[in-house]
Amino acid sequence: MKILDIRIREREDSRGAPTIVVFVTTKGGAGEASIPSGKSTGMREAKTLAPKDAVNAGAQIAAALAGHDFSNNRALDKTLIALDGTPLKKNLGGNVMLGVSLAFARVRAAAEGKALWEILRAEYFPDLAATPIPRIFANLVNGGVHAKSNLSLQEYLVVAKPYLSVSDVIAGLKKLYAILGKMLAEKFPSASVGIGDEGGYVADFRDDREPLEILTKLLRVSHSDDSWFLGLDAAASTFFKNGSYRLGNETLTAAELATRYASYAKTVPLLKTIEDPFAEDSLDDFAAFQKAHPELRLIGDDLTVSNAAAITAATARGAIKGVIVKPNQAGTVTETCDAITAATAHGLDVIVSHRSGETPDPFLVHFAKAGNVYGVKIGAPIAHRLPRYEELVRIYDTC
Ligand code: PGA
Ligand code: ZN
């Protein structure tokens, strides 16, 4: 498919911050992609260019690629990676490169009359057949840098297992979210409960343990078994200062923080997963904790930055049992799919994830379906988080 033009326009994300839409025109048709952005970003993830620089990078890519024919995404992405020439995509930007790569995949899908996930499946996961519905990691209480509150931990997630259809599981989550809202409104004086970046509730809880206790009560009412459980995303790099962790008013060593997580898990047996429990350079602490607590599943995000080599290195140390994959951390369609393939080969639970600054573009659900992943992390079932919920229904529920 011959590239004719690439254009980039600025748009707002769900936080009101500037982000980009990328348009790719080819001889066989046009496609576009809107790119989200993170706030608790990993040090080693692909760099995001500000819209003005992104427009220039887009023009640079257009000049280099116009007239060139690419038969698949791997060929295009290889060229983009060579053109950028840096490990963290500093020149062309991970946001620009992913936008071009994704928009091109969409052109191919449209030309073949296929869904985006089918194009990705055919190119990157040709041996997969079934399409099991992924678990939904729904972030119902927001803290850390995604909220103005006293919580240091960033996300309190309900991990919902599908029953028969996606619609069923979403209806269950929406009910849970509404009941939680009522519980919090009763518990906290009026107007002191807010909504965070990912749609979860924000309040000044007693401490970082309290939301886990409240969510346990909530789940015990609706789910008597453990099919729905709880997860945390500590995003610990955001409260790691000068060698220690600032949890609320406390200053903790890594060992003390590990003891705290273990105590959460003891008093809150529904807590099964913890994402980024330690700072992004603390592979040893991840490995020691995962070894000592095989009953908990540690998940890498800032630690592994959706990079196949980093995922392999973390797995070799026994540091994680699951991994977050964010397409804009990787920076191209190919690298995202390669990260999913590597993680799956290592037996990790793969969770494809949104960013805290989102757009209505629901592309990540297509990566999830193409790669048959374990879960999708898509925030609370409200407002600007809904496009990805709706896309799940669209591409998984057949009636
Ligand atoms: P971010 O946070 O999108 O703000 O980086 C999401 C996460 O840490 O999982
Ligand atoms: Zn995270």
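The values are calculated or read from the model by the stated rules, or taken from the named source; none is laboratory data. Quick caveat: nothing in here was measured; it's all calculated off a predicted structure. Quick reminder, even Gly has a Cβ in these numbers, built from the backbone with ideal geometry, and neighbours come from all protein chains shown. Just the protein is used for accessible areas: all its heavy atoms, side chains included, with ligands, DNA and RNA removed. Shrake-Rupley method; radii C 1.70, N 1.55, O 1.52, S 1.80 Å.
The one condition from (1) farther than 14 Å from L98 by Cα; (2) within 16 Å of ligand 2 (Cβ to nearest atom); (3) touching an Asp or Glu at 6+ places or on another chain (Cβ under 6 Å); (4) not aliphatic (A, V, I, L, M) that R44 does not meet is (3).
When L296 is tested against (1) more than 30 Å from D225 (Cα to Cα); (2) over 12 Å from the mean Cα position of the chain (by Cα), exactly one condition is not met: (1).
Can you pull out every residue in segment 351-362 that is assigned to a loop (DSSP other than H, G, I, E, B), more than 9 Å from ligand 1 (Cβ to nearest atom) and open to solvent by less than 10 Å² (accessible area, probe 1.4 Å)?
Residues of segment 351-362 assigned to a loop (DSSP other than H, G, I, E, B): 354-356, 358-362.
Subset that is more than 9 Å from ligand 1 (Cβ to nearest atom): 359-362.
Answer for segment 351-362, where residues must be assigned to a loop (DSSP other than H, G, I, E, B), more than 9 Å from ligand 1 (Cβ to nearest atom) and open to solvent by less than 10 Å² (accessible area, probe 1.4 Å): just T359.
Need the failing condition index for F240 against (1) within 16 Å of ligand 1 (Cβ to nearest atom); (2) open to solvent by less than 30 Å² (accessible area, probe 1.4 Å), just the number. Answer for F240: the failing condition is (2). Restricted to segment 371-391, and to residues there that are in contact (Cβ under 8 Å) with a residue 24 or more places away in the chain and part of a helix (DSSP H, G or I), the residue that is surrounded by the fewest Cβ atoms within 10 Å (Cβ to Cβ) is A383.
In segment 90-142, which residues are of a type in the set (S, T, Y) and either surrounded by 20 or more Cβ atoms within 10 Å (Cβ to Cβ) or farther than 30 Å from D226 by Cα (or both)?
So in segment 90-142, the residues of a type in the set (S, T, Y) come out as 101, 124, 131.
Of everything in segment 90-142, those that are of a type in the set (S, T, Y) and either surrounded by 20 or more Cβ atoms within 10 Å (Cβ to Cβ) or farther than 30 Å from D226 by Cα (or both) turn out to be S101, Y124.
Pairing each residue of segment 7-19 that is among the aliphatic types (A, V, I, L, M) with any residue that is open to solvent by less than 40 Å² (accessible area, probe 1.4 Å), provided the two are 6+ apart or on different chains, yields C-beta distances under 7 Å for I8/I20; I8/V22; I8/A54; I8/G58; I8/V96; A17/S37; A17/G357.
When the criteria are applied in full, T304 fails the requirement of being of a type in the set (S, T, N, Q) and either in a helix (DSSP H, G or I) or within 25 Å of K174 (Cα to Cα) (or both). Within segment 188-216, the residues that satisfy the criterion of being over 24 Å from H354 (Cα atoms), in contact (Cβ under 8 Å) with a residue 24 or more places away in the chain and not in a loop (DSSP other than H, G, I, E, B) are E213, I214, T216.
Can we say G16 is within 29 Å of D233 (Cα to Cα), within 16 Å of ligand 2 (Cβ to nearest atom) and of a type outside the set (S, T, N, Q)? Spell out the reasoning first.
Values: within 29 Å of D233 (Cα to Cα): yes; within 16 Å of ligand 2 (Cβ to nearest atom): no; of a type outside the set (S, T, N, Q): yes.
Answer is no for this residue.
Looking only at segment 339-350, count how many residues are part of a loop (DSSP other than H, G, I, E, B) and surrounded by fewer than 21 Cβ atoms within 10 Å (Cβ to Cβ).
Let us first name the residues in segment 339-350 that are part of a loop (DSSP other than H, G, I, E, B), namely 346-348.
When the remaining residues are screened for being surrounded by fewer than 21 Cβ atoms within 10 Å (Cβ to Cβ), the result is 346-347.
The number of residues fulfilling the criteria is 2.
The single condition from (1) open to solvent by less than 60 Å² (accessible area, probe 1.4 Å); (2) of a type in the set (A, V, I, L, M, F, W, C); (3) over 19 Å from D225 (Cα atoms); (4) at pLDDT 95 or above that I195 fails is (1). In summary, P294 fulfils each of the numbered conditions (1) closer than 22 Å to I378 by Cβ; (2) assigned to a loop (DSSP other than H, G, I, E, B); (3) free of Cβ contacts under 8 Å to residues at least 60 places away in the same chain; (4) touching a Lys or Arg at 6+ places or on another chain (Cβ under 9 Å) with the single exception of condition (1). Return the pair list, or none, for Cβ contacts closer than 6 Å from residues in segment 263-277 that are touching a residue at least 60 places away in the same chain (Cβ under 8 Å) and of a type in the set (K, R) to residues that are open to solvent by less than 20 Å² (accessible area, probe 1.4 Å) and more than 16 Å from ligand 2 (Cβ to nearest atom), at least 6 apart or on different chains. Qualifying pairs under 6 Å: K272/F229.
Screening L153, L184, L232 for residues that are touching a residue at least 12 places away in the same chain (Cβ under 8 Å), over 22 Å from I324 (Cα atoms) and either crowded, with 21+ Cβ neighbours inside 10 Å or touching a strand residue (DSSP E or B) at 6+ places or on another chain (Cβ under 8 Å) (or both) leaves exactly one candidate, L184.
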